[in-house]
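Report on the structure given below.
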Amino acid sequence: MKVKIEESWNRILAEEFEKPYFASLVQFVKSAYANGVVYPPPGKIFEAFNRTPFDKVKAVIIGQDPYHEPGQAQGLCFYVPPDVAPPPSLVNIAKELGRMPDLLSWADQGVLLLNATLTVAAHRAGSHQGKGWEAFTDAVIHALAERRDNIVFILWGSYAQKKGAFIDRSRHCVIESAHPSPLSAYRGFFGSRPFARANEYLAAHGIPAIEW
């Protein structure tokens with residue numbers, strides 16, 4: 001099955017694209033876009049991969065769903081365009097960092113901003129869960145964890161932590177904390193220093209730091 005995705009990822013995930021679940025997922029997604037409003041725009045579904053090739057990945061941040069309101073979702077977890085009001089989780093990320101981050105710059109420097117589910121129906125959080133995206137993004141994380149070394153995996157909240165539970169801590173850095181959501185940010189996200197800790201690990205392994 002031909003998928004429009006950056007070439008290095010296309011090679012890495014070629015077997016995944018041929019699996020029956022992925023064919024079913026493609027049919028579901030095509031029908032969803034044809035029959036309703038779905039985010040992100042169809043050309044942005046694989047934006048995280050297109051901005052951050054497989055061999056360039058230094059860090060991975062795992063989100064859950066794309067944002068589901070107009071103009072927000074652009075295929076990168078937690079990112080919204082500059083002319084869109086930042087959602088609460090992004091505001092809290094900015095508070096922890098000390099400034100509003102440029103997530104496009106993060107992606108271009110090797111931060112894979114990966115949602116577990118890559119599409120969502122307008123105004124309906126979680127509406128495309130359980131359709132196959134989770135198996136696909138599990139395969140992405142497995143490929144990185146097994147074929148690369150010394151990647152920083154930033155897992156905010158229990159959902160991301162379960163998704164990354166298998167990662168070999170002797171080969172990679174896994175940074176876990178509460179989610180930056182207003183519901184949980186004060187229970188361990190604030191003060192967790194994920195960005196400084198990521199750069200400390202990268203520096204210790206001779207990898208250029210990320211300008212967060």
- Would you check if ALA85 is over 21 Å from TYR159 (Cβ atoms), of a type outside the set (Phe, Trp, Tyr) and free of Cβ contacts under 8 Å to residues at least 40 places away in the same chain? yes
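Within segment 17-36, take every residue that is of a type outside the set (Lys, Arg) and not in a helix (DSSP H, G or I) and give me the one that is nearest to HIS123 (Cα to Cα).
Among those that are of a type outside the set (Lys, Arg) and not in a helix (DSSP H, G or I), it is GLY36.
Per-residue answers, yes or no, for (1) out of contact with any helix residue (DSSP H, G or I) (no Cβ under 9 Å at 6 or more places or on another chain); (2) aromatic (Phe, Trp, Tyr):
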| position | (1), (2) |
| --- | --- |
| GLY126 | yes, no |
| GLY132 | no, no |
| SER158 | yes, no |
| PHE166 | no, yes |
| ARG193 | no, no |
| GLY206 | yes, no |
- Mind telling me which of the residues ALA160, ALA122, ALA204, ALA209 ends up being hydrophobic (A, V, I, L, M, F, W, C) and within 17 Å of ILE62 (Cα to Cα)? ALA160
- Item | So ILE175, is it of a type in the set (A, V, I, L, M, F, W, C), under 19 Å from the mean Cα position of the chain (by Cα), crowded, with 18+ Cβ neighbours inside 10 Å and not in a loop (DSSP other than H, G, I, E, B) | yes
- Message: For segment 178-194: of the residues being over 16 Å from the mean Cα position of the chain (by Cα) and not in a loop (DSSP other than H, G, I, E, B), which is farthest from LEU97 (Cα to Cα)?
- Response: ARG187
- Looking only at segment 116-150, count how many residues are touching a Leu at 6+ places or on another chain (Cβ under 8 Å), of a type in the set (S, T, N, Q) and either open to solvent by 10 Å² or more (accessible area, probe 1.4 Å) or in a loop (DSSP other than H, G, I, E, B) (or both). 1
- Query: What is the one condition in (1) closer than 22 Å to ASP55 by Cβ; (2) part of a helix (DSSP H, G or I); (3) over 16 Å from the mean Cα position of the chain (by Cα) that ARG197 does not satisfy?
  - Reply: (1)
- Query: How many residues does segment 1-32 hold that are under 24 Å from PRO81 (Cβ atoms) and without any contact (Cβ under 8 Å) to a residue 24 or more places away in the chain?
  - Reply: 0
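The values are calculated or read from the model by the stated rules, or taken from the named source; none is laboratory data. The structure displayed is predicted, hence computed values, not measured ones. Cβ sites come from the backbone with ideal geometry, for glycine too, and all protein chains shown count toward neighbours. Calculation scope for accessible area: heavy atoms of the full protein, side chains included, ligands and nucleic acids excluded. Shrake-Rupley method; radii C 1.70, N 1.55, O 1.52, S 1.80 Å.
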